[in-house]
Amino acid sequence: ASEDFREIIHHLRIRTHETSTLLSSLLQWTRLKTDNMIVDFNLVDFQSVVLSCVQLLSANASEKKISIETVFSDDTIAWCDEVSVHTIIRNLLSNAIKFTDEKGIITIRTETIDTFIIISVTDTGVGMSKDTINKIFHKNAHHTSSGTANEQGTGLGLMLVKDLVSRNNGSISAESVEGVGTTISIKFPKNK
């Protein structure tokens, strides 16, 4: 019976985390849409933001025995809003975990090209068709689907990410092969 109880508590903890993430996304989404969200530009260290997001979602990843690897360039500073960057990376990482099978690998990488920093999240997940990428990233359509462990989503995460990226003068792109995995890359200016 105590085993059953532990199992129930465990599932409750996951559902609570999912609900709190959804509410947080909804709140930020509403603020964005009503222009009540303050975007505070500063020099932000992407390495510390990434590590904070990895720590935040490590329980979700270990739940599916997924390993998260980080590869940082020498320079990981860019000019943007730290809260936005945290939300963006948290959502991308959460999505990567959701669409990656057990024992998969997620790699978060930063690189500096000219006056830009590029951060990419690569997973060994289910991948997306060109049509899905087109809908999500080009046609701005609302899209949601279940994760590999039947995790539910609202499709709000990526819509929020795209809005936040553009508010921070960045750009977003995706490459994906069905059954192989997905890489989502975001490019931010390093200077004002």
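Summary of values
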item	result
For the stretch 110-122, Karplus couplings with θ = phi - 60° (6.51, -1.76, 1.60), whole Hz, Gly/Pro x	10, 8, 10, 10, 6, 9, 10, 10, 10, 10, 10, 10, 10
Three-way shape call for the stretch 71-130 based on the alpha-carbon gyration tensor, with the a/c threshold at 1.5	prolate
Amide H contacts under 5 Å for ILE117, placed H, 5+ residues apart	PHE188, LYS190
Whole-number accessible area per residue in Å² for the stretch 74-143, which is evaluated in the context of all protein chains at 1.4 Å	47
Net +/- balance of residues flanking GLY104 in space, Cβ distance below 9 Å, scoring K and R +1, D and E -1	0
Nearest-0.05 FRET efficiency for ASN134 and SER48, computed from C-beta distance (R0 30 Å)	0.30
Carbon plus sulfur fraction of accessible area for the stretch 68-113, probe 1.4 Å, in percent	48
The stretch 31-113: proportion of alpha-carbon pairs further apart than 23 angstrom, %	29
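The values are calculated or read from the model by the stated rules, or taken from the named source; none is laboratory data. All figures in this text were calculated on a predicted structure; none of them were measured in a lab. Methodologically, a virtual Cβ is constructed for each residue, glycine included, from the backbone with ideal geometry; neighbour enumeration extends over all protein chains shown. These accessible areas exclude ligands, DNA and RNA; they are computed on the full protein's heavy atoms, side chains included. Shrake-Rupley method; radii C 1.70, N 1.55, O 1.52, S 1.80 Å.
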